[in-house]
Structures are given as structure tokens and as C-alpha cells.
1. Just checking, does region B:19-41 include any residue being outside any loop (DSSP other than H, G, I, E, B), within 14 Å of chain A (Cβ to nearest Cβ) and over 15 Å from the mean Cα position of the chain (by Cα)?
2. Could you please find all residues in region A:1-51 being open to solvent by less than 60 Å² (accessible area, probe 1.4 Å) and at positive phi?
3. Considering only residues that are assigned to a helix (DSSP H, G or I) and farther than 30 Å from A:D13 by Cα, which ones fall in region A:95-144?
4. Quick check: anything in region A:88-98 touching a helix residue (DSSP H, G or I) at 6+ places or on another chain (Cβ under 7 Å) and away from every other protein chain (no Cβ under 14 Å)?
5. May I ask you to list the residues in region A:146-198 that are open to solvent by less than 50 Å² (accessible area, probe 1.4 Å) and part of a loop (DSSP other than H, G, I, E, B)?
6. Which residue is most open to solvent (accessible area, probe 1.4 Å), if the candidates are limited to region B:97-115 and must be in contact (Cβ under 8 Å) with a residue 12 or more places away in the chain, more than 19 Å from B:K141 (Cβ to Cβ) and more than 10 Å from every other protein chain (Cβ to nearest Cβ)?
7. For the list (1) at pLDDT below 95; (2) more than 24 Å from B:T2 (Cα to Cα), I need the number of the one condition that B:S184 fails.
8. For residues that are open to solvent by less than 30 Å² (accessible area, probe 1.4 Å) and among the hydrophobic types (A, V, I, L, M, F, W, C), scanning just region A:99-112, find the one that is nearest to the other protein chains (Cβ to nearest Cβ).
Amino acid sequence: MMMRSAYEVFRKDVHSEFRTRYAMNALIMFVIVALSIILFSIGDESVTPGVLSGILWVIIFFSGMSGLSRSFVSEEERGTVLTLQLLTEPSAVYAGKLLFNLILTVSLNLFIAVMYVLLVQQFVVQSPAIFWVTILLGSAGIAAAATILAAIIAKANTKGTLYPVLAFPIMLPLLLTVMNATRLATEGAPFSEAAGEFQVLVAYTVVVIAVSVILFDFVWKD
Amino acid sequence: MTNAVLKADQLSKDFNRRKIFSAISFDAASGSSLAVTGRNGSGKSTLAKILCGVLTPTSGTAVLSIDGNAISPERLHRHVGLVSPYVQMYDEFTGIENLRLAISIRGIVRKNDRQLRDLLQQFGIDDRRNDDVRTYSSGMKQRLKYAAALLHEPELLVLDEPTSNLDEQGIAAVRDVMSRQKESGILIIATNDRDDLRYADRQVTVEGEHT
């Protein structure tokens, strides 16, 4: 029953997103602008793979910050929080929003990664398996952290500022790990060398989701 | 008719150290109705939200029991309907889509489109069912809120300012709902409107406190 309800919340968010383009427009515009600026600024300069890995995750982090909060902020701004509270239990709302953010983040980050690999010629991925697994696990971690943070900041007055400020310390362990794993992918390291990074990413995501499930009841109700 | 009992015991609510109300106690059973009155800002809407389980009281308890079994806060939404100025429908969806959304999230499988349309008809908005809610007037939105609140035939119906924004036809439809609810379940009305108060068997006044 809870899973069914969560799926319906997810479906509602997908339909709502296609009609209002609350998150999608902000995300796509950010990615296009950020990629263009980076391409212009790199030009013919020689940049190390480590720096290029960092730049990729800067784009991913801030694109997430510009759109992922919408899942809860839009409910708060439209005054539909109470409606949702009356329709289902908090865990179903959390699971539905998490699924929506997860699919949005994975799709967007795959798009960013493909564009980055195609457009930034100095960024050569020598271990594609490490690279794509990092993108997928990193996206899951970002979606998990972004969902509970969005629920928290939706109640605040200064939502736009608060989101990246709160997200940075919480996502720092994740960002350091994905940047390191991406660097390994550009250096052509064997898959087994990145196993430690993958374990950290999976553990991070599981811990954030577990804590979010416990916290969400308190965040969702005033 | 299920036997529902609502028991509020010593309810109080503070917001940021500001006391809204304190020590409110009452009970109501199926087949009865209760009016919550009080001046503006006294906490009538806050009390309505607490009774529906969407707001936690600072102290005290509000428990709804069905056939002798207390309903846990996680399951309360299955037995409660709320119409309030604070409830908003999804503007980007049509009227009937809002109702379909509500039944799908609630997991109600026994309602089909025909029944949803009957409900919209009851409130006089069936002819606008395929229009986006953003094009509705405030009175039409209020009517849609009633349709959404009654979808799952709640044992406890809480109406906050029940006839606000409504024309004569809308008020008649709402009063019909109030009459039927007080026969089949519990009706709580938060209002100061004298005509609405006639539908309540008893009255609780929320004084409101300011410290």
C-alpha cells in the first residue's frame, strides 16, 4: 500500500513536471550555460585530468542544486503540502519524491557526462566502466542527499541560498569520492582499484536514505 | 455506520514560544457534530489541522477510534477529510485529474470516473471537469476541495470556514454535506458563521492566548 502510494506520488510529480517544467528548465539551462563557459575558458590551455574531473562534478553538483529542491519547494510555494499530507503517509511522500529526484538526477547526469566527454576533448576516459559506475552511484548519492535537504529548506524563507550552503558539507564526502573515482577512470586504472570508492558511495547513499526515513516524519509535519 | 469516536484531551499548541491555545478538551462520536468558534487568530484552523493529524500538538492528545480501535497517526489520513482555506488543489491539473490523483495516492480502487463525475455534479462543477484548476474561480476551487475531501467517505469530516467563497448554490450543497455527515460520522465545523453553527450540536470556543 505504501509503495503503491509512493509510486502515485512519483507519477504525479512526473506529470506535474511535464506540465510546469519547474525543475527541468532550470536544470537544462544551467548545464548548457556551465558547459559553454567551461569550453570557452579552457580553450587551448592544457588542463590536468584531476582538474577536469573536478570541473565535471562542479557542474553536476550545482546543476543539482539549481533544480532538485523544486520537488518540495514547489509543493510549499503552491500550498499543496497540506493536500499531500491529507492524502498519504509521510514515508510514501518521501519515497515518491526520492524516486523522482533519483530518475531526474541520473538522466541529467548521464546527459552532462556524455556532453562533457564529447565536448571537452582533453577529458579522455580510459576506464569507461569506472566512469559510468561512478556517474550512476554519485547520482544516487546526490539524489538521496538533495531530497531530504529539499524537504528541510522548503520550510525556510531563504530557500535559494540555504540549499547549496547546507548541501556542501553534507555532500563533501560524496564529492571527494566521486572526483577521485573519476580521476582513476581518466588514468586508466583497473576496475578493482576503484572498488573502495564504490563501497564508500554505496554506504553514503544507504546511510543518507536511512537517516532521511527517520527524519522525514519530523520535517514533513510542522 | 461505523462507530467513530474522537477524543481531544488537554490540547495545546505553541508556535515559536507563542502560545496559540491551551487545555482544549472535548469528545465527539458518530452521529454528532461540534462547532469550534473563536475570534480571528485564536487557533481554530490550527486545531482543525491537529484533529486531522497534519499538525502535532505541543501537548495533549487527539485520538480517533473506529469501532474501539485507536487509529495511528500514520493511518489517520484514511479516515479524515479536511476542507480548509489552507488546502490547495494542483493548479496544473484539471478538476477530474485532481480527483483521480487523490484516489490513486489514497489507493482507493473502488471509485470509477462515473462516480467522480457524480461527486463533481453534486457540487455543480462537472461541466468544468476538464479545465485546468488554475482557470477556476475561488468558489469553484472550494467546491472541488469538498469533492476531494469526500472521495474516501471519511468518518471524521473537518470543515474550516465551510461556506467561505461560496454562492447560494454552493452553500446549499455544503449544508447538504453537513447534514449527511452528522448522520453518518463526526462533523467538526470551525466557523463563526451563525447559519453554519445551526448544524452543530455542541460548541467549543477556542479563546486563544498571547504571551
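1. Scanning region B:19-41 turns up at least one residue that is outside any loop (DSSP other than H, G, I, E, B), within 14 Å of chain A (Cβ to nearest Cβ) and over 15 Å from the mean Cα position of the chain (by Cα).
2. Residue satisfying the conditions is A:G43 alone.
3. Answer for region A:95-144, where residues must be assigned to a helix (DSSP H, G or I) and farther than 30 Å from A:D13 by Cα: A:V117, A:L118, A:L119, A:P128, A:A129, A:I130.
4. Checking region A:88-98: at least one residue is touching a helix residue (DSSP H, G or I) at 6+ places or on another chain (Cβ under 7 Å) and away from every other protein chain (no Cβ under 14 Å).
5. Across region A:146-198, the qualifying residues are A:A154, A:A156, A:G188, A:A189.
6. Taking the candidates together, the pick is B:D113.
7. Of the numbered conditions (1) at pLDDT below 95; (2) more than 24 Å from B:T2 (Cα to Cα), the odd one out for B:S184 is (2).
8. Residue satisfying both the conditions and the ranking: A:F100.
The values are calculated or read from the model by the stated rules, or taken from the named source; none is laboratory data. If you're wondering where the values come from, they're calculated on a predicted model, not measured in any experiment. Don't worry about glycine lacking a Cβ; one is built from the backbone with ideal geometry, like all the others, and counts go over all protein chains shown. The accessibility values were calculated without ligands, DNA or RNA, using every heavy atom of the protein model including side chains. Shrake-Rupley method; radii C 1.70, N 1.55, O 1.52, S 1.80 Å.
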